[in-house]
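Enquirer: Can you read through this structure? Questions will come right after.
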Amino acid sequence: MSFAAILFYLFGALAVLFALSMLLNVHNTVAGALSLVVTMVSLAAIYVLLEAHFVAAIQIMVYAGAIVVLFLFVVMLLNLRDDDFAPGRQRLVRVAGALVGVFALAQFLRWLAPGLPELPAVPAGFGGHRAVGIALYTDYVLLVELIALLLLAAIVGALVLAKRKLDS
Amino acid sequence: MPVAEILKTLFILLVVVGGLAPLITWIERKQSAVMQDRIGANRADIGGLTLIGLFHPLADVLKLLGKEDFVPAGANRVLHLLAPLIAAIPAVIAFAVIPYGGVYRFGDHTLSLVVSDADWGMLYIFAIASLATYGTVIAGWSSNNGWSLLGSMRASAQMISYEVTMGLSLVGIFMVFQTLKLQDMALAQDTTLRVFGFLDIFFGLSHPAIDWIRLPAWGVFYQPLAFLLFLTCIMAENKRPPFDLPEGESEIIAGYHLEYSGMRFGLFFMSEFIQVVVIAGLMTALFLGGWSIPYLSTQTIVAGVGRFMGTGFATGLCVLLHFAAFMLKLGAMIWFQMALRWTLPRFRYDQVMDLCWKVILPLSIANVLVTGLVMLLVQEAA
């Protein structure tokens, strides 16, 4: 098995494990958020293995570096304790979760049975910042502009709401 | 392949860059002594030998290693123990894409003096810088101390804000050099720039003085505003004074590392000093021509010396000279940060935030617009 394949399976396993850890740490929100960070960083590592460097960097910068930090910020401010969570529906959720988990595991094992496949080769120039930039600003320029407009509207909306609260 | 590469990477990052950190604590002490008109750190001695205070870092490390490794009651033990590592690792690995020498050709063998030649170098730096937030945030939260938590809050808000402007303030530089790879940027700065070249390009004036008056083609001369903005942002990211709000000794005691003792506190301290080196390396590569020697490009040296001593010798000489030039600029930027730290008074928290969102952000966007306009005009005229 090649070095890249070993890294791929390592980071794949990490991503899945910590995604599970995030789900299981329902009551310890900080541990949950930190597990999410590990998942994000592992995904970024997989993007690097796919030569999609731009997406990898953005994945870490935006998701791991900014969004989850904001989650943590809120979680720490609220300082939730175990008894802040309502108990109800726990049993039903657990049974359903266990069933889905068993099904997913069975599928996964069936897929694994023939042995771990090697990584396919990536076409040259795929996913670099040049390729992504050219695609974004030529073929998809309308969508980029629309998203920019949407984000601007969101910022203005947030400002208006916050300002009304400050004024009163 | 991987084992040798990994060993080389670890050596450069941990031994060389990490080894600079204790030395920098000494420079910081000496600089503070100079600024405050004292003689400064000169008491640690081995058998009466003080070596102008160079034993102080050694004494520091011994003291920190000997102290009790304390975990406060009610703290999250695992995260409390991990946080210093989470803070130190991004600081150390960020240096990987900073070139400490150029690209040299010996026969058919090419040597590029940088740990990783990735062509997305600056994106890597931004990604690593954004991960550095976690060390501080986790440290403060896991300590189970109100002051620490306040420090974490301040750190996360301050570092996220300055990450945004840190990226935006550099867009102008990316536009000028048309690359994200620091080695290519340093190569592009290994030449000269006609100061009055615009007279020739726009008005068709020709005069020998236009060709004659030249500056090194450094980023700081192309993008002086970006130099100032980026330096401010990256120093705020490093949380050293005047941006030490997450520590705020007069308000929140020591902020996020209040409950740390011994070498775990030392790791926070170390990571700040390693970041000083990384900042100096980044500023050098982006704005101060990297390893290049002003007015003396690689081609000139190879052509000039190579005529008498052979191309191989001339290239080898280039390696040494360029490394020396890089270290000189690195040292100058480290000294500059020390001098700033002991000169400027601390900001208030709202001032730090206002500076980021109301001053640096608009100026960065204006810089992008003006740079784009000028580049378009130059292209049209040429």
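The values are calculated or read from the model by the stated rules, or taken from the named source; none is laboratory data. Quick caveat, the model's predicted, so the values are computed rather than measured. Glycine gets a Cβ as well: all are built from the backbone with ideal geometry, and neighbour counts include every protein chain shown.
Enquirer: For residues that are closer than 23 Å to B:VAL164 by Cβ and in a loop (DSSP other than H, G, I, E, B), scanning just the range B:119-141, find the one that is nearest to the other protein chains (Cβ to nearest Cβ).
Expert: If we take residues in the range B:119-141 being closer than 23 Å to B:VAL164 by Cβ and in a loop (DSSP other than H, G, I, E, B), then B:TRP120 is nearest to the other protein chains (Cβ to nearest Cβ).
Enquirer: Answer yes or no as to whether B:GLY40 is over 30 Å from B:TRP342 (Cα atoms), in a loop (DSSP other than H, G, I, E, B) and either of a type outside the set (Val, Ile, Thr) or within 14 Å of another protein chain (Cβ to nearest Cβ) (or both).
Expert: no
Enquirer: Taking B:THR165 as the residue in question, decide whether it is away from chain A (no Cβ under 12 Å), within 16 Å of B:LYS239 (Cβ to Cβ) and in a helix (DSSP H, G or I).
Expert: When the stated conditions are applied, B:THR165 passes them.
Enquirer: For the range A:41-51, enumerate the residues that are more than 10 Å from chain B (Cβ to nearest Cβ) and either of a type in the set (A, V, I, L, M, F, W, C) or touching a His at 6+ places or on another chain (Cβ under 8 Å) (or both).
Expert: Answer for the range A:41-51, where residues must be more than 10 Å from chain B (Cβ to nearest Cβ) and either of a type in the set (A, V, I, L, M, F, W, C) or touching a His at 6+ places or on another chain (Cβ under 8 Å) (or both): A:LEU43, A:ALA45, A:ILE46, A:TYR47, A:LEU49, A:LEU50.
Enquirer: Taking A:ALA31, is it at the interface with chain B (Cβ under 10 Å from one of its Cβ atoms) and farther than 24 Å from A:LEU105 by Cβ?
Expert: For A:ALA31, the condition - at the interface with chain B (Cβ under 10 Å from one of its Cβ atoms) and farther than 24 Å from A:LEU105 by Cβ - is not met.
Enquirer: Taking B:ALA226 as meeting all but one of (1) part of a helix (DSSP H, G or I); (2) farther than 14 Å from B:MET283 by Cα, write down the number of the exception.
Expert: (2)
Enquirer: State the number of residues belonging to the range B:168-185 that are among the hydroxyl-bearing types (Ser, Thr, Tyr) and within 10 Å of chain A (Cβ to nearest Cβ).
Expert: 1
Enquirer: Is there a residue being modelled with pLDDT of 80 or more and of a type in the set (S, T, N, Q) anywhere in the range B:46-66?
Expert: No, the range B:46-66 has no match at all.
Enquirer: B:THR179 - would you say it is within 24 Å of A:ALA57 (Cα to Cα), among the β-branched types (Val, Ile, Thr) and not in a helix (DSSP H, G or I)?
Expert: Considered against the rule, which asks whether it is within 24 Å of A:ALA57 (Cα to Cα), among the β-branched types (Val, Ile, Thr) and not in a helix (DSSP H, G or I), B:THR179 comes out as yes.
Enquirer: Suppose we filter the range B:248-271 for residues that are of a type in the set (Asp, Glu) and either within 17 Å of B:SER142 (Cβ to Cβ) or surrounded by 24 or more Cβ atoms within 10 Å (Cβ to Cβ) (or both); how many remain?
Expert: 1
Enquirer: If you don't mind, another one. Within the range B:63-75, does at least one residue satisfy the condition of being surrounded by fewer than 18 Cβ atoms within 10 Å (Cβ to Cβ), more than 14 Å from chain A (Cβ to nearest Cβ), among the acidic types (Asp, Glu) and within 30 Å of A:ASN28 (Cβ to Cβ)?
Expert: yes
Enquirer: Pairs only if they're at least six apart or on different chains, beta carbon under 6 angstrom, first in the range A:1-18 and surrounded by 16 or more Cβ atoms within 10 Å (Cβ to Cβ), second among the small types (Gly, Ala, Ser) and part of a helix (DSSP H, G or I); list them, first residue then second.
Expert: Listed by first residue and then by second, the contacts come to A:PHE11/A:SER42; A:PHE11/A:ALA45; A:LEU14/A:SER42; A:ALA15/A:SER42; A:PHE18/A:SER35.
Enquirer: Restrict the check to the range B:147-161 and report whether at least one residue is farther than 30 Å from B:ARG105 by Cβ, within 14 Å of chain A (Cβ to nearest Cβ), small (Gly, Ala, Ser) and surrounded by fewer than 24 Cβ atoms within 10 Å (Cβ to Cβ).
Expert: The answer is yes; a qualifying residue exists.
Enquirer: Can I ask one more? Can you find even one residue in the range B:318-326 that is of a type outside the set (D, E, K, R) and under 25 Å from B:LEU229 (Cα atoms)?
Expert: The answer is yes; a qualifying residue exists.
Enquirer: Now a separate question. For the list (1) part of a helix (DSSP H, G or I); (2) farther than 30 Å from B:GLY107 by Cβ, I need the number of the one condition that B:LEU328 fails.
Expert: (2)
Enquirer: Test A:GLY157 against the stated conditions and say whether it is over 24 Å from the mean Cα position of the chain (by Cα), within 18 Å of A:PHE8 (Cα to Cα) and free of Cβ contacts under 8 Å to residues at least 40 places away in the same chain.
Expert: no
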